[in-house]
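Trainee: Provided herewith is a single structure, encoded as structure tokens, for subsequent inquiry.
The values are calculated or read from the model by the stated rules, or taken from the named source; none is laboratory data. All of these numbers come straight from a predicted model, not from anything done at the bench. In this analysis, Cβ positions are derived from the backbone assuming ideal geometry, glycine residues included, and neighbour counts consider all displayed protein chains. Accessible surface is based on the protein model in full, side chains and every heavy atom, while ligands, DNA and RNA are left aside. Shrake-Rupley method; radii C 1.70, N 1.55, O 1.52, S 1.80 Å.
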Amino acid sequence: MAESNALPVILLAEQFARLPGIGMKTAQRLAYHVTSMSEAEVKEFSDALISAKKNVRLCSVCQNLTDREICPVCSDIRRNKKIICVVEGPKDVTAIERTGEYNGLYHVLHGLISPIDGVTPDKLRIRELIARVQSDTETDEVIMATNPTVEGDATAMYISRLLKPAGIRVTRLAFGLPVGGILEYADEVTLFRAIENRNEI
């Protein structure tokens, strides 16, 4: 930012620019907007940030973000406990839930295997998935709903090899998406068809 701007505005813009998908121009607009907000609005904004950081945790069952010990999906007795859909991140759970067609459970990995980026299996929530499946006799099927990328495919195959000896049916979404596509940007119809047409791997 130009030196003519007040230092607190520059520092605030730099903080906004650290967020994913926020460039410096957008960060500057956000910083200027904050200066036009009332003190009460700024306090609400900062309180929401602090509350999210302090109160959001990982569900002890599926590893999704929640403000409880066990998330609403895992604690919902109407969900089909026999199917677990494995996804890369919390945004993918939201994408699949938007379809209104999937009624099973989830497991969130919080990333994909990518040795080039230093992401090895031990840095993901794979250990928790394996322990969960081994301790839960209800699980019949695990759906690998990772993105159709090199990392997504490698992660799906790695988990499949770990689960197959336990006699668990492992399937992969039949994506109607281009290779390299991102799950969270898919429309509801495409996601529904992908779930319905999943294949065993």
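Trainee: I'd like to know how region 1-116 sits against the 2.2 N^0.38 Å rule of thumb: what's its Cα Rg over that expected value?
Mentor: Relative to the rule-of-thumb radius for its length, region 1-116 sits at 1.44.
Trainee: In deg cm²/dmol, rounded to 500, what helix-only [θ] at 222 nm does the chain give when every DSSP H run of at least 4 residues adds -39500 (n - 2.57) and the total is split over its residues?
Mentor: -13500 deg cm²/dmol
Trainee: Sticking with this structure for a sec: Please go through region 36-141 and write out the GluC sites (Glu not before Pro) that DSSP classes as loop and that have at most 16 other C-beta atoms within 10 Å.
Mentor: Listed in order of number, the matching sites are Glu69, Glu101, Glu138.
Trainee: Now for a different question. Beyond 27 Å between alpha-carbons counts as too far, so tell me which of Lys54/Lys81; Lys53/Lys91; Lys53/Lys81 fall in that bin.
Mentor: Violating the 27 Å Cα-Cα cut-off are Lys54/Lys81; Lys53/Lys81.
Trainee: Just one of (i) 11.0; (ii) 14.1; (iii) 15.4 is mean projected area of the Cα convex hull in nm² as worked out from the coordinates here. Which one is it?
Mentor: Read-out taken from this structure: (ii).
Trainee: Taking the simple approach of a point 7 Å from Cα along Cα-to-Cβ for both Glu188 and Asp76, what is their distance in nm?
Mentor: The answer from the label model is 1.4 nm.
Trainee: If you don't mind, there's one more thing I want to ask. Dimensions of region 1-62 along principal axes (Cα, Å, largest first)?
Mentor: 51, 27, 15
Trainee: Over the heavy atoms of Arg169, what accessible area does a 1.4 Å probe trace out, to the nearest 10 Å²?
Mentor: 100
Trainee: What is the mean projected area of the alpha carbon convex hull for region 75-151, to one decimal in square nanometres?
Mentor: Result: a mean projected hull area of 5.6 nm².
Trainee: In degrees from 0 to 90, rounded to the nearest 10, what is the angle of the helix 90-99 Cα long axis to the longest principal axis of the chain?
Mentor: With both axes taken from Cα atoms, the answer is about 70 degrees.
Trainee: With a 1.4 Å probe and every protein chain left in place, tell me how much accessible area Met157 has, in Å² to the nearest 10.
Mentor: Here the accessible area works out near 90 Å².
Trainee: Hand me the trypsin sites (Lys or Arg not before Pro) from region 24-79 located in a DSSP loop with no more than 15 other Cβ atoms within 10 Å, in residue order please.
Mentor: Of the trypsin sites (Lys or Arg not before Pro), the ones in loops of region 24-79 whose Cβ has at most 15 other Cβ atoms within 10 Å are Arg68, Arg78.
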